[in-house]
Amino acid sequence: MKLKKEKEVSIENRNDNYKMLSRLFFRLLPYQIVMIVITAVNGIVDGLFASNAVGTAAMSAMGLYTPIPHFLYAMSMIMVSGAQLLYGKYVVKEHDHIHSIFTVDLVLAGVISLIVGVLMAVGGAVCIGGGSLDPEAQAMFSRYLISNAIGIPPLILGQQLFAFLSLENRTTLTTAASIACLVTNALGDLLLTVAVPLDLLGLGLASAISCWVFFLVQLQYFVKGRSNVKFSLHSCKWRDAPQIIARGYPGGISRFLEMFRCIIVNALILRFVGAVGLSAFSASNSFLGIIWALPFGMAAVTRMLLSIAVGEEDRRSLIDTVRVPLRRGLALMIAVAACIIICAEPLTRMFYRDPSAPVYSMTVWGFRILPLCMPLSVIALTFSCYAQAAEKKLLSVVLPVIDGFVGVTGCSLILIPLLKMNGLYISNVLNGVICLLLIYGFAWKWNKHRPKDLEELMMIPDDFGPDTSDRIDISVRTMDDVVKVSEQVLAFCKEHGVDERRAYHSALALEEIAGNVVEHGFTKDRRKNHSAEIRVIRRDDDVILRVRDDCVPFDPTLTYGAYEEDDPAKNMGIRLIFITSKDVVYQNLLGCNVLTVTI
């Protein structure tokens, strides 16, 4: 029987790998939060202008609009997550294929966004929805729907570009696009609701213009040909389209179903509480939408890291990637939720100032109860991403369906008639508990016993990745470690029957690569506690060396090309690696240098 347990890997090496992934996770997280928070911040800014400059009717109309962003985000997430997972699959073994993934993804996003935008505009023109509201709110909803439709294509296309820029670690550009979007929306709201009183029509136009700014700022990077991925209709493989949808739809199921959940919940609120309940829920949701960017941002980073770990068939990194959000991410989310609960009344006063009004107390309780579901969501979202990346098809579908629709809707049908608005808030918390029980139940059934650790909870098959007897994982922090690595690789090769010449070349190559990382990479950024994560694999008749570090980007293949025309005696170490190897591939994946050498 193959022994796959990561407990067989030294604790010291595992900790170094975990720390590297943790640093990478929190380095990428702020930029993912910024992307997700664009819609949320636009929503809260719109809400503040609507409640203070337009009136309660505007908040009711915006509450009716709530299901639509869920639908838009779901459509975008299907394409984003599918493209990212396929990117991780092909970037390691078939690098040229990523150009097809990029092209097909943008074409899909463009076609779908145009269709949705047209349907929204037509729906607004014929006043679809809002029949239970007063005529003023009905008219506002119609205008808001039409004006927002103008920004749908750049919103969805911009999110696709953001995903690929994140994979290429272009954080400066994504940050600039996000800030430009937020500033444009805020200034547009001020101009079109206060200076020029266009009520919700102005708010919608401001949001649409900000989406165009977000898209165009990112687009110039690709138009100028700076990106690693290229848009090319001639080289794309259209069979990738169904693959993107097939791999991505579990990532969008939850948000897609949230649209229907919102419709049902809105109907329950209007029936058992009234329009005042919808205004309270809209107010608390508009602020919490910003906070939800934190768990959704964690999920986005987790998905990217998991796609690479699955593509590399790296069992240790797969487990450590899940461990990071479940430890450090969860602790952060608990702290944030606690702060919101403590500040419930000050947050409510941002929207409503009369403590005697029913809407005030309803909003306060929203801020006190709803944050409790956020830590639970971190766990559910992490396992949803893992199930999607690992192609655990049943769990990847059932979990989002429960999380996005069944849990909250089922509990709300029972609790809202009994507890009014608090029934809805409590239903969201119970939904998180149901998701945790579902994950645990799946793992229990798969293992045929109660899961004892994270690896069993993840249900990783025994045959995933190279057998422990055919690989070694080593962490390097000092030059002394470099010498030990060389000795370990030499011993590993001899144990696996590798001929003496290739065993010597493998040990020498790894010593040269690791030595360069420690001597040059570590010293260029002294603020970080760096380590180089090394994996040696015996596969078929080859010895595969992979070195990963989070230092400044450095591509030795470009350096070797420059050396070829230089002094033949210069940099013999790098020259020797290329001369004695079958293949040398460098990639910068999510800000990490990854060098793979086949001997």
Please go through segment 269-285 and pick out each residue that is in contact (Cβ under 8 Å) with a residue 40 or more places away in the chain, in a helix (DSSP H, G or I) and open to solvent by 20 Å² or more (accessible area, probe 1.4 Å). 270, 272, 275, 276, 281, 285
Open to solvent by 40 Å² or more (accessible area, probe 1.4 Å), basic (Lys, Arg) and either part of a helix (DSSP H, G or I) or at pLDDT 90 or above (or both) - does that describe any residue in segment 502-516? no
Please work out which one of (1) among the small types (Gly, Ala, Ser); (2) more than 30 Å from residue 552 (Cβ to Cβ); (3) surrounded by 23 or more Cβ atoms within 10 Å (Cβ to Cβ) is the condition residue 163 fails and give its number. (2)
Is one or more of the residues making up segment 199-214 closer than 24 Å to residue 32 by Cα, among the aromatic types (Phe, Trp, Tyr), part of a helix (DSSP H, G or I) and open to solvent by 40 Å² or more (accessible area, probe 1.4 Å)? yes
If you take the residues in segment 458-472 that are open to solvent by less than 20 Å² (accessible area, probe 1.4 Å) and of a type in the set (A, V, I, L, M), which one is nearest to the chain's Cα centre (by Cα)? 458
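From 89, 93, grab the single residue that is in contact (Cβ under 8 Å) with a residue 40 or more places away in the chain and buried (at least 20 other Cβ atoms within 10 Å of the Cβ). Steps first, answer last, please.
On the way: 93 fails: buried (at least 20 other Cβ atoms within 10 Å of the Cβ).
Matching residue, one of 89, 93: 89.
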If you check every pair at least six apart or on different chains, which have Cβ atoms under 7 Å apart with a residue in segment 98-119 that is without any contact (Cβ under 8 Å) to a residue 40 or more places away in the chain first and a residue that is open to solvent by less than 30 Å² (accessible area, probe 1.4 Å) and in a helix (DSSP H, G or I) second? 114/153; 117/149; 117/152; 117/153
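What strands (runs of 3 or more DSSP E) lie completely within segment 535-599 and have 1 or more residues being modelled with pLDDT of 85 or more and touching a His at 6+ places or on another chain (Cβ under 8 Å)?
Working: elements: 542-549, 583-589, 592-598.
It comes to 542-549.
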Of the conditions (1) open to solvent by 40 Å² or more (accessible area, probe 1.4 Å); (2) of a type in the set (A, V, I, L, M); (3) at pLDDT below 95, the single one that residue 387 does not satisfy is (1)
So which of 452, 445 is open to solvent by 50 Å² or more (accessible area, probe 1.4 Å), part of a helix (DSSP H, G or I) and more than 30 Å from residue 278 (Cβ to Cβ)? 445
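Going by the conditions given, is residue 263 at negative phi, of a type outside the set (Asp, Glu) and more than 22 Å from the chain's Cα centre (by Cα)?
Details: at negative phi: yes; of a type outside the set (Asp, Glu): yes; more than 22 Å from the chain's Cα centre (by Cα): yes.
In short, yes.
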Somewhere in segment 358-380, is a residue within 15 Å of the chain's Cα centre (by Cα), part of a helix (DSSP H, G or I) and within 30 Å of residue 475 (Cα to Cα)? yes
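What residue, of 470, 481, is farther than 25 Å from residue 383 by Cβ, touching a helix residue (DSSP H, G or I) at 6+ places or on another chain (Cβ under 8 Å) and not aliphatic (A, V, I, L, M)?
On the way: 470 fails: touching a helix residue (DSSP H, G or I) at 6+ places or on another chain (Cβ under 8 Å).
Only one candidate qualifies: 481.
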Every residue in segment 414-432 that is open to solvent by 60 Å² or more (accessible area, probe 1.4 Å) and more than 31 Å from the chain's Cα centre (by Cα), please. 414, 418, 419, 420
Residues satisfying the stated conditions in segment 24-43, i.e. closer than 17 Å to residue 154 by Cα and among the aromatic types (Phe, Trp, Tyr): none
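How many residues are out of contact with any Cys (no Cβ under 7 Å at 6 or more places or on another chain) and closer than 13 Å to residue 376 by Cα if we restrict to segment 427-460? Break it down into steps so the answer makes sense when it comes.
From segment 427-460, those out of contact with any Cys (no Cβ under 7 Å at 6 or more places or on another chain) are 433-460; that's our starting set.
Keeping just the survivors that are closer than 13 Å to residue 376 by Cα gives 433-439.
Total meeting the criteria: 7.
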Cβ-Cβ under 6 Å pairs, at least 6 apart or on other chains, segment 176-193 side over 16 Å from residue 155 (Cα atoms), far side not in a helix (DSSP H, G or I): 192/198
Using beta carbons and a limit of 7 Å, which pairs, at least six apart or on different chains, have the first residue in segment 452-476 and over 23 Å from residue 514 (Cβ atoms) and the second one charged (D, E, K, R) and open to solvent by 50 Å² or more (accessible area, probe 1.4 Å)? 455/5; 462/2; 463/2; 464/313; 467/2
Residue list for segment 221-243, filter: open to solvent by less than 100 Å² (accessible area, probe 1.4 Å) and assigned to a loop (DSSP other than H, G, I, E, B): 225, 227, 228, 229, 230, 232, 233, 235, 236, 237
For segment 245-274 the number of residues that are modelled with pLDDT of 90 or more, more than 16 Å from residue 70 (Cα to Cα) and of a type outside the set (Lys, Arg) is 8
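The values are calculated or read from the model by the stated rules, or taken from the named source; none is laboratory data. Computed from a predicted model, the values in this text were never measured in an experiment. No Cβ is skipped: glycine too gets one built from the backbone with ideal geometry, and neighbour counts run over all protein chains shown. Keep in mind that these areas ignore ligands, DNA and RNA; they rest on the heavy atoms of the full protein, side chains included. Shrake-Rupley method; radii C 1.70, N 1.55, O 1.52, S 1.80 Å.
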